[in-house]
Amino acid sequence: MGKGANYMKKGIMGTKGRNSFMILMILIMLIPPAQATLNFYNDDNSIPEAKAWTTLYYIDNDYSGSLTDPLQQVFIDEIASTSNLNVVVIQDKLDEPALLYYINENHTKILLEDLGEVDMADYLTLKNFIEYGKQNYPAEKYLLWIVNHGGAWKGACIDETDNSTAMTMDEFQRALSETGGVDIICFLACLMGSIETVYELRDLVDIVIGSEDLAYTASWNGVCGDTNQLLTNTPDLSLEEIGSKIVNFFSEYTNPYSHKLTMSAIRTDKITPLVDALDQLVRYHTSHWISSYRPVRIAHDSTFLLADFQSWAPVFEIYDLKGYIESLPSSPERTAVLDAFHDAVITEVHGRSMEGTNGLSIFFPAKKSPYNLVQFYKENDQGLDFAADTWWNEFLFFFVVTNTILLKY
């Protein structure tokens, strides 16, 4: 069988007896020769020589109202393996099996395996995909693309067939931790440019690229192709340079909805100093709440609200982080946060309708939510490190309760 076979089922079968093993081997030998196409590129099952880069496309299209085949409709004409680059794809479509592909030098999809139905919101699916890509297409560096819906601190990747609402950021962390991480992750999804997202992926990814606000499929046109060429022609660029160039690729096209574009590249090695500085700021405000409440409320009310489309904003309650900090009165704590923010954000771009966005959002409700978001945000099942490691929850409690009392929210 080809190298792709049963990679999703690894570890499930367990140890078999001698008779079962012999029966299995006989069945394998009886498979028709046509199945040989699964290992045409590596018939001797040896591991190919490592290239400079392997790009892994995790395309979760298992939901209603999406493109029927995003790999074919959006990506295939732009992406291809080269002398410096491997391209490996998993795509799951609604009411269809998930398929594992290698994209060759001619932009041709080479089917590695029909996986049947898989849950793309299950961290094991992502883990096994990354593991497969690393083992069979080794490289010096890895770029992971996540293609689906996103929900900021709530995570990303819904799977309608399996009735899965999202892979939490804690589960993203687990998948990356158990596979040794990747160098760059790029979310082609809404709202994933959040401080909670980046903090969750620290130590596992060097650069996180994502949209602070809603992301539109039309905005991706050309970006993956330019990235493919960039990694082929200049594979030795620093990760910071590559992250910056990918973000700028988004702004170089006049794609539909370019006026609503928000994209940023964040250094994860600088996210902890930013989180620490923010923690010190909110600890100060909480311990001086009587004098801090009014400027906090004024700053909040003047900050850019994200996901402000139809009735989505109350589902996420996210605001631009830097805009909020800049609206606060001057203080040493405020200055420390802004300095750390500048160090963490490599590049950010936004369209003309998105003035007031700066590359990172944060969960910041002003009142009790009908969706019980504050409780959900800090629940153990959600597993957000940012909520656990800072006083942001305590700060939100003071803010929401005070607003409820004084403003009758």
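Side notes on the structure shown:
- Qualifying residues in segment 207-234 (those that are part of a helix (DSSP H, G or I) and polar (S, T, N, Q)) - the one farthest from Ala156 (Cα to Cα): Asn233
- Subset of segment 185-204 (residues that are of a type in the set (A, V, I, L, M) and over 15 Å from Leu126 (Cα atoms)): Leu188, Ala189, Leu191, Met192, Ile195, Val198
- Checked against (1) crowded, with 16+ Cβ neighbours inside 10 Å; (2) over 18 Å from Pro370 (Cα atoms); (3) touching a residue at least 24 places away in the same chain (Cβ under 8 Å), Glu317 passes all but a single condition, namely (2).
- Matching residues, segment 231-273, being surrounded by fewer than 14 Cβ atoms within 10 Å (Cβ to Cβ) and of a type outside the set (Asp, Glu): Asn233, Thr234, Ser238, Thr254, Pro256, His259
- Test: residue in segment 238-255 that is in contact with a Gly (Cβ under 6 Å, 6 or more places away or on another chain) and either aliphatic (A, V, I, L, M) or farther than 29 Å from Ala50 by Cα (or both): yes
- Any pair with Cβ under 9 angstrom, 6 or more apart, that starts in segment 323-352 at a residue that is of a type in the set (Lys, Arg) and ends at one that is surrounded by fewer than 16 Cβ atoms within 10 Å (Cβ to Cβ) and at pLDDT 95 or above: none
- Counting only strands (runs of 3 or more DSSP E) that sit completely within segment 88-184, those holding 2 or more residues that are modelled with pLDDT of 95 or more, acidic (Asp, Glu) and surrounded by fewer than 22 Cβ atoms within 10 Å (Cβ to Cβ) correspond to 109-116.
- Residue match in segment 278-301 (condition: modelled with pLDDT of 95 or more, closer than 17 Å to Gly193 by Cα and of a type outside the set (A, V, I, L, M, F, W, C)): no
- Flag if Phe398 is at pLDDT below 95, surrounded by fewer than 21 Cβ atoms within 10 Å (Cβ to Cβ) and either among the hydrophobic types (A, V, I, L, M, F, W, C) or touching an Asp or Glu at 6+ places or on another chain (Cβ under 6 Å) (or both): no
- Selection within segment 47-78 - in a strand (DSSP E or B), hydrophobic (A, V, I, L, M, F, W, C) and over 21 Å from the mean Cα position of the chain (by Cα): Ala52
- When the test is whether a residue is without any contact (Cβ under 8 Å) to a residue 40 or more places away in the chain, touching a strand residue (DSSP E or B) at 6+ places or on another chain (Cβ under 8 Å) and farther than 20 Å from Gly181 by Cβ, Glu117 does not pass it.
- Selection status of Pro370, in contact with a helix residue (DSSP H, G or I) (Cβ under 9 Å, 6 or more places away or on another chain) and either loosely packed, with under 13 Cβ neighbours inside 10 Å or more than 24 Å from Tyr284 (Cα to Cα) (or both): yes
- Of the residues contained in segment 148-167, one or more are found to be acidic (Asp, Glu) and over 23 Å from Ile76 (Cβ atoms).
- Among the residues of segment 60-87, those that are surrounded by fewer than 16 Cβ atoms within 10 Å (Cβ to Cβ) and over 22 Å from Glu160 (Cα atoms) comprise Asp77, Ser83.
The values are calculated or read from the model by the stated rules, or taken from the named source; none is laboratory data. Note that this is a predicted model, so its numbers are computed, not measured. Glycine also receives a Cβ, built like all others from the backbone with ideal geometry; neighbour counts cover every protein chain displayed.
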